[in-house]
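Note sheet for the following structure.
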There are 2 protein chains.
Amino acid sequence: MKKVFFTPGPTELYPEVREYIEQALDDNVCSINHRSREFMDIYKFTAGNLKQLMNIPDNYNIFFLSSATECMDRIIQNTVEKRSFHFVNGAFAERFYKTSVELNKEAEKAEAEYGKSFDFDNIRIENDPELICITQNETSTGVAIDTAEIYKIKKKHPESIMAVDIVTSSPFVDLDYDQIDCAFFSVQKGFGLPAGLGVLIVNNRCMEKARYLKSKNVSTGSYHNFISLFENAEKFQTTETPNVLGIYLLGKVCESLNKYGVDKMRNDTLKKSEMLYEFFDGHPFLKPFVSNWSDRSKTIIEINAGSRQTEIKKKLADAGIIVGSGYGKLKDTHIRIANFPMHKKEDVKKIIEILS
Amino acid sequence: MKKVFFTPGPTELYPEVREYIEQALDDNVCSINHRSREFMDIYKFTAGNLKQLMNIPDNYNIFFLSSATECMDRIIQNTVEKRSFHFVNGAFAERFYKTSVELNKEAEKAEAEYGKSFDFDNIRIENDPELICITQNETSTGVAIDTAEIYKIKKKHPESIMAVDIVTSSPFVDLDYDQIDCAFFSVQKGFGLPAGLGVLIVNNRCMEKARYLKSKNVSTGSYHNFISLFENAEKFQTTETPNVLGIYLLGKVCESLNKYGVDKMRNDTLKKSEMLYEFFDGHPFLKPFVSNWSDRSKTIIEINAGSRQTEIKKKLADAGIIVGSGYGKLKDTHIRIANFPMHKKEDVKKIIEILS
């Protein structure tokens, strides 16, 4: 039986991935030199299609790293001398906070209960952090932060660099990059690609900060410091031999989504999320974990299945539908259903039918 | 016309890569959870086959990173508080040295002319470096270091951790891991795989050093510090979502090479290298760059083509054979011919015929 993965990522591959890989093999994409014109054309193609799809301003840099976790690491190294501030309401926001601690920075955090957003009006960010980190879509709990709240924080703290984790909301999330400084994601979520590529989007303020730290002899890391990344990205190259196939495939998926239309894709996502939330809101025992409607992620639908989690997962698996478990302490009681561009309405309907 | 890549890497893919990728897609390797039993089985399979192929002792850890360059970064972070020492006779050894400098360590180096090995008897390593780095096979110049010299250095400096770059000599090089502490490579060279995966092999001395640094509050990095890598590797997992497809493919190539026989593969490599060196030694104007026979790499054959480099490369390319240029300052005058397990004797003969 053919399986369909509704897991938060790695997840179902974008339908044309096999075809794209075959094309890449035919065209020797995995054998070409990463300093060659052919590679530079791939970099340019991917960055261009990504900027178009996600409406990223021209003056923002696209860096290709190996994972979203690496993005966190490099952001801290390159923008923080002393102090970062973190909004933490789940395991991935906590990972960003922990990264700062592990790199010997003074990291402060505002915490919210898992499954809830923040009481933004009553959170005070003190001591002028150099970096403010927020997880726009918390993959571990299914809470999404209203982007307007993110812009408000940035307006209140214009001197701080604002880094936004959009790991499981991209390419759905409609982010105004001019109101933040930095965002990142990995490709095995909403882009439906094999894991092994992280994408970091940074503006000139981040670059200036990295240069300032370097001038003060604060280490900003080695081959993946922002200055090296920038110098290479300007030439459509990378510092080291990168995941060339991953970059190629990302470009192809972005091109395909651009052809389909970003508004149409967003609309599909909204509709599928409404179908799922409506169904679970009316379900006798499978309840959305995030109770507040406006805090609910449209791309990670988290359901409290209590003691019946294994049974529910099995029922779906028997019909070829693979959903995720909860994360961390919610591992044995929750299920997570991803709602990404490659997830079809018919399969969402199938989930609803099976669990009705 | 079908191309055959004799470039130093990225290079010609291992012949069965397309078939392995198709199998991976059929088996949902790119969609499975990286904490699942399926993924753990892949990790175990790959690490096991790699250990068998390269005769790596059981008590050495295999960590999957994203590139050889990342391996350098993590080795410095996790084994050096103050001081590292580097044998530098090419661009990649220089990269290792520079990594240490960029991470604010005191890095010292012994230099040798490009194209030459070191005058080992007259090099004094002073100030008790915590880490000694040597590039066993310098990809930028085609010089290979006799492993016996590496073991001698280690014997003279038993307190120092010995890290060996085998990026373009693995899996050919027959290294006695008990006489070193750490080695690393990337998969787009001798393993003929798509780029985006680095493999780091470390013993318990490296782990002890990382733990000691952590106890002293020296930052050993975040998600890819040795302690996190080890805790996950023990469970056949990784800290972050890794390049799952890359790990899977590496296992399949190792399995295939194990079936073929490592001695047979080494013998093939030696024979092909002899054919090439013999031919170029007798050539009127295409001369091996490394004059000393015992310093010549068996896997990277570097030829000084002088002003006729472009012409020679074109002549080969017209017959479907793609060779590499020289590296850095040797870019416009040298050619590099890789000699990896997937490179066929018939194609080596073809190179010789074309250039005769």
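The table for this structure:
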| quantity | calculated |
| --- | --- |
| Spatially proximal aspartates and glutamates relative to A:Lys82 (Cα-Cα < 13 Å; intrachain offsets below 8 disregarded) | A:Glu102, A:Glu106, A:Glu108, A:Asp128, A:Glu130 |
| Rounded to whole Å, sorted largest first: equivalent-ellipsoid semi-axes of the range B:16-110, Cα gyration tensor | 35, 15, 14 |
| Lys, Arg +1 and Asp, Glu -1 on Cβ, resulting dipole of the range A:162-263 about Cα centre, debye, nearest 20 | 340 debye |
| Overall Cα dimensions of chain B, principal axis frame, Å, largest first | 61, 56, 32 |
| Dipole magnitude of the range A:204-276 about its Cα centre (Cβ charges: Lys, Arg +1; Asp, Glu -1), debye to nearest 20 | 180 debye |
| Ascending count of other beta-carbon atoms within 10 Å, so fewest first, for B:Glu208, B:Glu113 | B:Glu113, B:Glu208 |
| Among A:Tyr223, A:Leu270, A:Thr7 - extreme Cα towards positive end, dipole of chain A, charges at beta-carbon | A:Thr7 |
| Rounded if a/c under 1.5, otherwise prolate or oblate - the range A:79-159, Cα gyration tensor axes | oblate |
| Restricting the range A:1-89 to trypsin sites (Lys or Arg not before Pro) in coil, as DSSP defines it, with at most 16 other Cβ within 10 Å | A:Lys2, A:Lys3, A:Arg35, A:Lys82 |
| Too-long pairs where the Cα-Cα distance tops 27 Å, listed order kept, from A:Lys2/A:Lys252; A:Lys252/B:Lys349; A:Lys98/A:Lys314; B:Lys116/B:Lys214 | A:Lys252/B:Lys349; A:Lys98/A:Lys314; B:Lys116/B:Lys214 |
| Shape category assigned to the range A:254-356 from the gyration tensor of Cα positions, a/c cut at 1.5 | prolate |
| Between the range A:109-125 and the range B:176-254, the alpha-carbon center distance in angstrom | 37 Å |
| CD proxy at 222 nm, helix term only [per DSSP H run n ≥ 4: -39500 (n - 2.57); per residue of chain B; nearest 500] | -12500 deg cm²/dmol |
| Principal axes of the protein assembly as shown: Cα extent on each, largest first, Å | 82, 53, 47 |
| Selected from B:Lys259, B:Lys116, B:Lys315 as most flexible by GNM, with chain B as the system and alpha-carbon contacts under 10 Å | B:Lys259 |
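Bear in mind that the values in this text are calculations on the coordinates, not laboratory data. Every value quoted in this text rests on a predicted model; they were computed, and no experiment measured them. Glycine gets a Cβ as well: all are built from the backbone with ideal geometry, and neighbour counts include every protein chain shown.
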